[in-house]
Structures are given as structure tokens and as C-alpha cells.
Amino acid sequence: MILHALIRHVQKGLSRSLSLTTATIRLSRSLSLTTAAASLSILLLTTSGCGSAFKDVNVLSEADEIALGREFSREIEREIKLYQEPEVVRYVDELCQALVLHSRRSNIPYYIKVVDTDEVNAFALPGGYLYVNRGLISISGTEAELAGVIAHEIAHVVARHGAKALTRQLGMEIMLGMISGRNPRGVQRIAAQLAGIGGILSMLHHSREAEREADALAVVNLREAGYDPEGLTGFFEKLLEINDRDPGALATMFATHPPSRERIENTREQAAELPVLEGLITDSDRFRQIRGMLPPLKKNPLEKEKAE
Ligand SMILES: [Zn+2]
């Protein structure tokens, strides 16, 4: 069959060897020819060389994306400890849902959880599963800064960056096998083979363009939800300052979300260009109260500033 041969050809040239060779395309059983042909044509259109294959392609349906995110979240939550203080959890969830409501993808449910660690970081899994570390809330200077980080993570879900990154990393071989939900075990198998949180997060590593797009979406989202759109800029500035004083203090955050002068300038310029809105929230008593409820950080990078 020509289609089959073509797919094999593309597959040979493009698929990455990620020890996931057990998955095979079973076109006749798991896919209708139309779906396969449509996916293949997207691929052929966007393929200009091995390196750039799948750069901005997502072959996952919304249902598959959510199923994969749910499976990843299960895998990850075996390894992390969640922070359970109900008031803090409720506050973070309400802040997240307020932002989601004004995002460009509010039709799917979002789940946000607080990870019980001093480490400053936040991340998003495909399909609306978000995590923010307790340490990140502690170093946020204002509610708008925290909202900025959460809006940035929401934006990765909005722009389906996780699904695109997976398509890029795993290749068509794996993704085609998952299309249309007729292969529910494929989702579980992928999550299991990525070997826990390290594997999953490195697989979801975003390109610089994806980071730029998420920043831009976050700035708009913040403002539309009633928050100072410079919150994200403020947070990036803080991270850079901490890093200048103590390189390595924020290693994980920098690995996944490297703040740069360029990102600070871009978000600041974008926020300044938006029409002025009165009454935008920068900070709130409730945020300060919630932050005050968190256990002190063992090594607070901000306190070091005061000591110097
Ligand atoms: Zn990001």
C-alpha cells in the first residue's frame, strides 16, 4: 500500500531512537485511512529536513492530549510530595481558574497542584495539568508575579506546546499509534517508558519560540483577567537578580524556564503597548496572608539579599 510505504519512509527518516521501538504503527487496525492521510500530509508539508521535523506539529486529538496529561500527572505524583494545606491549595486553584476563564482555551478543565518543595519552579503537562512549587509562591513578591507564572504555564497548555514537543520528540510512529483513542494503552505505555518525572519533563522541554509565545499569551491573559500584565516581567527580573548573586540557586527553574534580558524586555514592551486598564491588581492582602502561611524556605535566596 502506497500510504503505508510512505509512512514507513517518513518514519525511517524521522523517528528518534528513544528506546521506544516497541511501539509500531498498526494502521489497518488503529486508524482510518483518512486520519492517517491527513496526519501524513501535515507532516510532509512541514518537513524540510530531519532536524526540523515536527517542529510545530501536533497530531494528538484533544481527548488524547488530556489522557496523556492525566497519565503523566499520575506518574509524576508518585515521585513528588503535594502540599496539602487546604487554604493555600484553594487560593492557588482560584487564582488559576480566574486566569483560565480569560485564556484562549477555557473549554477544557485545568488542575493546578502545589508541590511541597523549596525549589523554585512551575511546570505544565499537556491537557491542563499544572504544578507550582511552594518555593515559587514564597519568593513571589506580589500576587501579579505569581499570577504571571501561572498564566505562563496556562499558555503552554493553550498553545498545546506539550503536545507539540511530544510529537517532535517521539515522532510520528508513537503519536499515530495514539490517535483517536483507539489505543488507550498507548498512552499508559508512553508515560511508563518516559521513566518518571525526569523523563517526562525533559520530553516536554520547550523551544525558545514556545517560551516566547507563552510569555506573550500570559501578558494578554493577565491583563484580561484583571492583573497587572507586568507581573511576569517582575518575576523574571527577580529570578535574574537572584541568579546574579547566587548562580545555581535556581538551577531547575533556569533549566526549564530560562529568564533572560530579552524576555524581560519583550514582556515589558508588550505590556506597555496594551491599552491602559484601570484597577488592575498588583497585589492583595489575601496573597500576602497565603504566602505567610507557608513554611520558611531553608535557604531563602531573598533573605540573602538583605544580609548583603
Ligand atoms: Zn515555559
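Compactness of segment 212-264, taken as the C-alpha radius of gyration over 2.2 N^0.38 Å, stands at 1.20. With a simple spin-label model that places each label point 7 Å from the Cα along the Cα-to-Cβ direction, the separation between residue 212 and residue 119 comes to 2.9 nm. With the simple model of a label 7 Å out from the Cα in the direction of the Cβ, residue 289 to residue 252 spans 2.9 nm.
Hey, can you rank 112-124, 269-281 by average C-beta count inside 10 Å, highest first?
So the order, starting with the most tightly packed, is 112-124, 269-281.
All C-alpha pair distances within segment 62-101, sorted into 5 Å bins from zero, spread as 5, 20, 13, 19, 31, 11, 2 percent across the bins. With Rh defined as the Kirkwood radius, the inverse of the mean 1/r over Cα pairs, the Rg/Rh of segment 241-308 is 1.04. For segment 190-308, the extents of the C-alpha atoms along the principal axes are 49, 37, 27 Å, listed from largest to smallest. Packing, taken as the mean count of other beta carbons within 10 Å per residue, orders the peptides 290-296, 88-94, 99-105 from highest to lowest as 99-105, 88-94, 290-296. Counting every other Cβ atom within 10 Å of each residue's Cβ, 156, 206 order from fewest to most as 206, 156. Taking 0.36 nm per residue of separation and subtracting the current Cα-Cα distance, fully stretching the chain between residue 93 and residue 299 would add 71.5 nm.
Each value in this text was obtained by applying a stated rule to the coordinates, not by laboratory testing. Model, not experiment: these values are computed from the prediction. Note that we place each Cβ from the backbone using ideal geometry, even for glycine, and neighbour counts take in every protein chain shown.
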